[in-house]
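No value in this document is a laboratory result; all are computed from the given coordinates. The structure displayed is predicted, hence computed values, not measured ones. A quick note on method: Cβ atoms are made from the backbone with ideal geometry, for glycine too, and the neighbour counts reach across all protein chains shown.
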Amino acid sequence: MYYRFAAADVASPAFRSRAISFVMAGGVAAAFLCPWNASAGADLIAGVPSGGPYLVIAILALLAISLLIQLRVPPSGEPHPGETFRPMATIALQPGFLVAVLAAAVGYAIMVLLGIGCNFLFVGGSTLLSSSHTEVERR
């Protein structure tokens with residue numbers, strides 16, 4: 001969830017924006033891979049509905065943990081006397097900040113919408129949509 005902050009803290013200044021972009025693109029790619037996870041893992045655990053996809057997610061979480069354990073984030077702390085800092089209002093009014101917020105919002109919206117669609121695909125189609133479609137046919 002906060003991988004983009006870790007990418008910003010660990011990456012060199014020249015690579016920082018690209019590292020954050022990779023993290024955000026990874027979230028969007030994960031949203032596209034969700035339907036594949038649901039269909040490919042559906043029968044991994046016989047007799048447990050939805051057990052396979054949860055197993056795949058658990059394995060991916062263990063993989064992420066094994067990678068994050070090796071991450072060395074430099075320590076950061078309170079500003080020292082004499083250091084300058086910018087107020088949040090100044091930062092928030094910069095065009096680059098606004099573009100970053102918009103890009104993150106669009107990325108998360110796509111990820112959430114595809115994740116919701118994955119749930120509908122996994123159960124063989126949306127029962128909500130099917131029932132509303134049937135209701136319309138009755139009228």
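Which value in nm describes the separation of the simple spin-label points at Ser39 and Val99, placed 7 Å from the Cα toward the beta carbon?
My value for the distance between the label points is 3.7 nm.
Just in region 1-73: which chymotrypsin sites (Phe, Trp or Tyr not before Pro) are loop by DSSP and have at most 15 other Cβ atoms within 10 Å?
Tyr2, Phe15
Within 10 Å of each residue's Cβ, count the other Cβ atoms and sort Met88, Met24 from fewest upward.
Met88, Met24
Taking only the Cα atoms of region 43-104, how large is their convex hull per residue, in Å³?
169
Give me Ile69, Ile57 sorted ascending by neighbouring Cβ count inside 10 Å, so fewest comes first.
Final ranking by Cβ density, sparse to dense: Ile69, Ile57.
From the Cα trace of region 9-90, what convex hull volume per residue do you get, rounded to a whole Å³?
Roughly 165 Å³ of hull volume per residue.
Quick one: 3J(HN,Hα) in Hz for region 47-52, Karplus 6.51/-1.76/1.60 with θ = phi - 60°, rounded, Gly and Pro as x.
After applying 6.51 cos²θ - 1.76 cosθ + 1.60, I find x, 10, x, 6, x, x Hz.
For Arg86 and Val106, what does the FRET efficiency come to when R0 = 25 Å and r is the distance between their Cβ atoms, rounded to the nearest 0.05?
0.45
Give a residue-ordered list of calculated ³J(HN,Hα) values for region 82-89 (Karplus: 6.51 cos²θ - 1.76 cosθ + 1.60, θ = phi - 60°; whole Hz; x for Gly, Pro).
x, 6, 8, 9, 9, x, 4, 4
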